[in-house]
Structures are given as structure tokens and as C-alpha cells.
Amino acid sequence: FINMPDKEVDSGIENALEEISEFIGAKRAGIFLMSDDQELASLTHQWIADPTYTGMGLEKDIPFSTFAYSASVLSRFEDYSVGKPSDLPKKAVSEKKWYENQGFHPIFVVPIISENTLVGILGFIGEHKSEITWPEHYGNLLRYIAIILFNAIRRREISSKLRLAQFTLERYSD
């Protein structure tokens, strides 16, 4: 991603999500970036094994407090993994309700951390009504990957702002 042209970053991230998903056995993957006030998580990139699949609706913007238990876990910079319905703790009230409405999907989510701040979430979702036990060490690998993907997104954004500033300076300096 370091030398990737800005216009290829989004497709590069989506390709990476696909490859990682296939490696860990996920059917869907997504990156959510946090708003500055930490209130909203916005879906910026995703990959879905079956693009015609309409189940398990994820909104583009989700209030972070919607899933209070998993939000508290991620806010402590911990991974959140649910491989089977019985893995959900009693405190995960919103998450249980969501599973009741959507049907169970195994999920593995890691926080994206930058400068000791939660800046996003990298998540993977398994096959509907299946159970997956993802190895714990996947969390370490996925956190490193999450930072790489986040840095690629930020680099592209900064590069775009620099180009705009340069254009503006050139335009008004003549």
C-alpha cells in the first residue's frame, strides 16, 4: 500500500479484505472508521463473498453505542469474537437482540488503534447459522493488518488534501 496510487487504494483494500476473509473462513469483511467524537462508526470498505446476499444488514453509519457490550470491549482495545451463540455473555443484550432479528453469524472484530485512540474497527463475519472457533492468535495478525489498511486510507486522504492545497496555492499565486 505504500507505493500504491491513491486511486487504487480502495480496490486494494477490498482485495485485501477478500484474501484475509478467505484465509480465515469469513464470508464478509468490513472496515468501520470512528467519527471524531467516537459516537458513529462508518462503513468505509467491505467485501462480501456473495454480493447478492441481502441478509445481515449493516448500515453505512452505525451509532457506536448500538452494541454497548461489544463497544465497551473494543474501547478497551480488545478483540471481540463470537463463534457460537453461547459465546455471548449475558451483558451483551443488544447483540443478542440483533442476532435474534438477523440470525446468528459468527463474528471476529479487532479494534483499529492509532495514537492510543480507537479510530476504527476491522470485522469479519462467518457463514449464517454456522459456528467458527477462530484461533486467538488471529487477533494479533488482524490488528497489524488493520493498522496497515488504516494507514493506507489516511495516506490517501492526506495526499488528496495536499494536492488540493497545492492546486489552490498555484491558482491564487498567479
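The values are calculated or read from the model by the stated rules, or taken from the named source; none is laboratory data. Everything numeric here is computed off the predicted structure, so don't read it as measured data. Backbone-built Cβ (ideal geometry, glycine too); neighbour counts: all protein chains shown. These area figures cover heavy atoms from the full protein model, side chains too; ligands, DNA and RNA do not enter into them. Shrake-Rupley method; radii C 1.70, N 1.55, O 1.52, S 1.80 Å.
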Next item on the list: Check cross-link reach from Lys161 to the aspartates and glutamates: straight Cα distance under 15 Å, and skip same-chain residues fewer than eight apart.
Entry: Asp6, Glu170
Margin query: To make sure I understand the rule: partners must be lysines, Cα under 17 Å from the Cα of Lys27, and not fewer than 8 residues away in the same chain. Which ones qualify?
Written below: Lys84, Lys129
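Roll a 1.4 Å probe over the protein chains and send me the accessible area per residue for the chain in Å². The partial results should precede the final answer.
On the way: 10380 Å² over 174 residues.
I get 60 Å² per residue for the chain.
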Next item on the list: Calculate what fraction, in whole %, of the accessible area of the chain sits on carbon and sulfur atoms when a 1.4 Å probe is rolled over the protein chains.
Entry: 54
Check: Which value in nm describes the separation of the simple spin-label points at Ser65 and Asp36, placed 7 Å from the Cα toward the beta carbon?
Finding: 2.0
Notebook entry, point to check: Given [x] 32, 18, 15; [y] 33, 24, 16; [z] 23, 18, 16 as candidate values of semi-axes √(5λ) of the Cα gyration tensor in Å, which corresponds to the one derived from the coordinates?
Noted result: [x]
